[in-house]
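Structure first, then comments.
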Amino acid sequence: MLAGKVKDEEIAKLESFIKSNPDARELKRGLTVKMAIQEYPYKKISQLLGVSSFSISDWKKSFKANGIEGIRLGYKGSKKYLTDEQLSEIIRWLSSSEYWHLDELINYLDNQYGIIYKSKQSYYALFNLANVSWKRSQKVNPKSDEELIKKKAKEINAILAKNKSEIESGETIVLFQDECHLLNIDICGYIWGQTNTRIEVPIKNEKDRQTYYGALNYQNQELTTHIPHFGKVASKKPNFTSRRLADYDW
């Protein structure tokens, strides 16, 4: 009877804490401990709340010994150290993705091992061990379809092969045409200069842009370019075919 009364009191305290709208991580701890006290299987709790058996056991013990304070984020219990096995598991986890946010690592350590470091340097050290470094992301076209590109390249190669003799004799001219748009701000980058001298580039409007059109002759590798008036895009793309045909004596 006494054990049942203690259990009911503990659950009541946890329910009150959960209803008090605590920090999301504290809420997870409260729900975890409540389910553990209600004798839910640890495996079931892990699946529902995304926490490890280690954390369930650790938070439950801390609650039993220190009450609600034992599961708060600010609670300072005994100092914890990662075992070699846990460290290896963390590195494997960090290696499973191309990029991470710091908050994801913080939550992972808290949920899986009940560890929250005071200094961010401790988290940076773990990133370093997993060869995860702070870097600038690079833009990429999300509409790029590698399979479609391969298919198109195959089609082009087939056309070139089919018309090889005409291309080599000059009867057929093949031009690869493209265009690019450079913003004023693109001119700024890294350059070697005197340490005590600031390198400055005059730019009135960094959004101004210059468009370049170009066509490469497949047979002789000659490049022809067209540059419209600065800051403007040609209303109609240049006809490189008509330009190049004028250069040939039929």
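Here are a few things to note about the model shown:
- Residue list for the range 36-58, filter: over 31 Å from the mean Cα position of the chain (by Cα), under 13 Å from GLN112 (Cβ atoms) and of a type outside the set (Asp, Glu): SER57
- In the condition set (1) on the phi < 0 side of the Ramachandran plot; (2) exposed (fewer than 10 other Cβ atoms within 10 Å of the Cβ); (3) modelled with pLDDT of 75 or more, TRP250 is compliant with all but (3).
- Flag for ASN111 being touching a residue at least 24 places away in the same chain (Cβ under 8 Å), loosely packed, with under 10 Cβ neighbours inside 10 Å and either outside any helix (DSSP H, G or I) or not charged (D, E, K, R) (or both): no
- In the range 188-211, the residue that is surrounded by the most Cβ atoms within 10 Å (Cβ to Cβ) out of those that are polar (S, T, N, Q) and modelled with pLDDT under 65 is GLN194.
- Qualifying residue in the range 214-230 (condition: among the acidic types (Asp, Glu) and either closer than 30 Å to LEU82 by Cβ or modelled with pLDDT of 75 or more (or both)): yes
Okay, residues lined up against (1) in a helix (DSSP H, G or I); (2) surrounded by 11 or more Cβ atoms within 10 Å (Cβ to Cβ):
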| residue | (1), (2) |
| --- | --- |
| ALA36 | yes, yes |
| SER46 | yes, yes |
| PHE54 | yes, yes |
| TRP59 | yes, yes |
| ASN66 | yes, yes |
| LEU73 | no, yes |
| GLN86 | yes, yes |
| SER96 | no, no |
| GLU104 | yes, yes |
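- Which numbered condition ASP23 fails, given (1) without any contact (Cβ under 8 Å) to a residue 12 or more places away in the chain; (2) on the phi < 0 side of the Ramachandran plot; (3) out of contact with any Phe, Trp or Tyr (no Cβ under 9 Å at 6 or more places or on another chain); (4) among the charged types (D, E, K, R): (1)
- Set side by side, the residues LEU105, LEU31, LEU73 differ, and just one is modelled with pLDDT under 85 and aliphatic (A, V, I, L, M), which is LEU73.
- Selection status of ILE149, within 25 Å of TYR42 (Cβ to Cβ) and either at pLDDT 85 or above or among the β-branched types (Val, Ile, Thr) (or both): no
- Within the range 212-229, the set of residues being over 24 Å from LYS164 (Cβ atoms) and either out of contact with any helix residue (DSSP H, G or I) (no Cβ under 9 Å at 6 or more places or on another chain) or assigned to a loop (DSSP other than H, G, I, E, B) (or both) comprises TYR212, THR225, ILE227, PRO228, HIS229.
The values are calculated or read from the model by the stated rules, or taken from the named source; none is laboratory data. Note that the structure is a prediction, hence the values are computed from the model and not measured. Neighbour counts run over all protein chains shown; Cβ positions are idealised from the backbone, glycine included.
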